[in-house]
Amino acid sequence: MNKQTLIIIIIATAAMVMSLVGCGSSQKIAYLQATENFTAEDYASQSVPLYDAHIMPKDLLTITVTTTDPEASKSFNLMTPTVSTGVTASGGYGQLQTYLVDNNGQIEFPVVGKITMKGLTKRDAEDKVKGLLKTYLKEEPVVAVRFVNYKITVLGEVAKPNTFTIANEKVNIFEALAMAGDMTIYGRRDNVKIIREDAEGKKMVIPMDLNNGYIIFSPDFYLQQNDVVYVEPNKVKAQNSEIGSATGIWLSATSILISVATLLINILK
């Protein structure tokens, strides 16, 4: 083996290691590409209405009934001071009773009994409770329904994966990612997955391309309660994961080869 052959071996080995470690460095990372090409017609023709949450089984609700006579509505505003989750009633003590929607989509409401809530929006639910209370109250009450456990989960290639409770019951996919500290550089922006379950228990997976500016017009741009947002790793992360444990071995082998080659070159001088 001559000196030239040994040098070729060293260079080839080093190049192999560098290619394994450095590949895939030009992945697309920009959100909302090509939005500068949007026209007024694009915004006008592709706008979608805001998502209005529908009540589903296992949702947790508070229902506040208000009239000019506090004593008349007192029976419908039960307090539970020992419950850690809820909304504090104005002028009251402790927290408002929370109502868990059962698998049949019903709640057990004071005095009235069972009320079917599944599939209703908050406004629909308020109107329904208001109608049922006409039998028990002399005047029409003001009814406010709120979600206590309106939450979404973000996991995968994000800085801070977690489950987040949304106070205003409105969140889009970018806001959800921001709460999770945004994607890491290894997250796939062109194939974010939303895992969703409807009121009937049917599950679906919705792919979202966040590189595409038209995503803001998607009916799934605003998340629904209990959605799970999953950011999968890109090819760079997958490759790094596969070679991570082998990188040390490759580097050690390269070091040994270089040492042996250097020794042989010195001997053959």
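Values for this structure:
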quantity	calculated
Pairs where the first residue, in region 193-207, is over 24 Å from ASN234 (Cβ atoms) and the second is acidic (Asp, Glu) and surrounded by 12 or more Cβ atoms within 10 Å (Cβ to Cβ), C-beta under 8 Å, 6+ apart	LYS203/GLU197
Candidate set from region 97-118 (those that are of a type in the set (Val, Ile, Thr) and outside any loop (DSSP other than H, G, I, E, B)); member that is surrounded by the most Cβ atoms within 10 Å (Cβ to Cβ)	ILE107
Qualifying residue in region 82-102 (condition: modelled with pLDDT of 95 or more and among the hydrophobic types (A, V, I, L, M, F, W, C))	yes
Residue count for region 184-202, restricted to those that are farther than 19 Å from PHE147 by Cα and at pLDDT 95 or above	4
Members of region 119-140 that are part of a loop (DSSP other than H, G, I, E, B) and more than 15 Å from THR64 (Cβ to Cβ)	GLY119, LEU120, LYS134, THR135, TYR136, LYS138, GLU139
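Okay, residues lined up against (1) of a type outside the set (Asp, Glu); (2) on the phi > 0 side of the Ramachandran plot; (3) under 16 Å from the mean Cα position of the chain (by Cα):
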{"site": "ASN104", "(1), (2), (3)": "yes, no, no"}
{"site": "PHE109", "(1), (2), (3)": "yes, no, no"}
{"site": "GLU126", "(1), (2), (3)": "no, no, no"}
{"site": "VAL142", "(1), (2), (3)": "yes, no, no"}
{"site": "ILE166", "(1), (2), (3)": "yes, no, yes"}
{"site": "ILE185", "(1), (2), (3)": "yes, no, no"}
{"site": "ASP190", "(1), (2), (3)": "no, no, yes"}
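Every residue, every condition in (1) surrounded by 11 or more Cβ atoms within 10 Å (Cβ to Cβ); (2) under 28 Å from LEU177 (Cβ atoms); (3) among the acidic types (Asp, Glu), yes or no:
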position: LEU32; (1), (2), (3): yes, yes, no
position: THR35; (1), (2), (3): yes, yes, no
position: PHE38; (1), (2), (3): yes, yes, no
position: ALA44; (1), (2), (3): no, yes, no
position: ASP52; (1), (2), (3): yes, yes, yes
position: PRO57; (1), (2), (3): yes, yes, no
position: ILE63; (1), (2), (3): yes, no, no
position: ASP69; (1), (2), (3): yes, no, yes
position: LYS74; (1), (2), (3): yes, no, no
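The values are calculated or read from the model by the stated rules, or taken from the named source; none is laboratory data. Just so you know, these numbers come straight off a predicted model, no measurement behind them. A quick note on method: Cβ atoms are made from the backbone with ideal geometry, for glycine too, and the neighbour counts reach across all protein chains shown.
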